[in-house]
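Chemist: Submitted below is the structure of interest, expressed as structure tokens.
The values are calculated or read from the model by the stated rules, or taken from the named source; none is laboratory data. Keep in mind it's a predicted model, so treat the numbers as computed, not measured. Note that we place each Cβ from the backbone using ideal geometry, even for glycine, and neighbour counts take in every protein chain shown. Just so you know, the surface numbers come from the protein's heavy atoms only, side chains and all, with ligands and any DNA or RNA stripped out. Shrake-Rupley method; radii C 1.70, N 1.55, O 1.52, S 1.80 Å.
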Amino acid sequence: MQSITLRQLRDTRQVKAWLKAGVQIEVRERKEVLGDLVPRTPPKLSPVEWPDFEARARKIFGDRMIPIVEDMIEERNSRY
């Protein structure tokens, strides 16, 4: 465990580096321990459940194909 004085707390770069590394820091005033700085553990995120976009498009449009990409490419080629 690292030890730091109140005056050294002003060096926030060092404190942030220690906390990001997972180091607990003891805050002292002379020889008396005032408290501890404990790094937080990152919250565990559950995987995101995405909707089935293909099934949604099939429900809306059915089996018909929408050739929008081909039309867009053809339009751009005819301009330039």
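Chemist: Name the residues in segment 1-20 that are of a type in the set (Val, Ile, Thr) and surrounded by 11 or more Cβ atoms within 10 Å (Cβ to Cβ), would you?
Modeler: Keep residues of segment 1-20 that are of a type in the set (Val, Ile, Thr), which gives 4-5, 12, 15.
Of everything in segment 1-20, those that are of a type in the set (Val, Ile, Thr) and surrounded by 11 or more Cβ atoms within 10 Å (Cβ to Cβ) turn out to be 4, 5, 15.
Chemist: Output the residue which, of all residues in segment 35-56 that are within 18 Å of the chain's Cα centre (by Cα) and of a type in the set (Lys, Arg), is modelled with the highest pLDDT.
Modeler: By that ranking, first place goes to 40.
Chemist: Being open to solvent by 80 Å² or more (accessible area, probe 1.4 Å) and in a strand (DSSP E or B) is the requirement here; does residue 63 meet it? Reasoning before the result, please.
Modeler: Numbers: open to solvent by 80 Å² or more (accessible area, probe 1.4 Å): yes; in a strand (DSSP E or B): no.
So residue 63 fails the test.
Chemist: Say we look at segment 21-34 and pick out the residues that are surrounded by 10 or more Cβ atoms within 10 Å (Cβ to Cβ) and in a strand (DSSP E or B); which of these is farthest from the chain's Cα centre (by Cα)?
Modeler: Per the criteria, the residue is 29.
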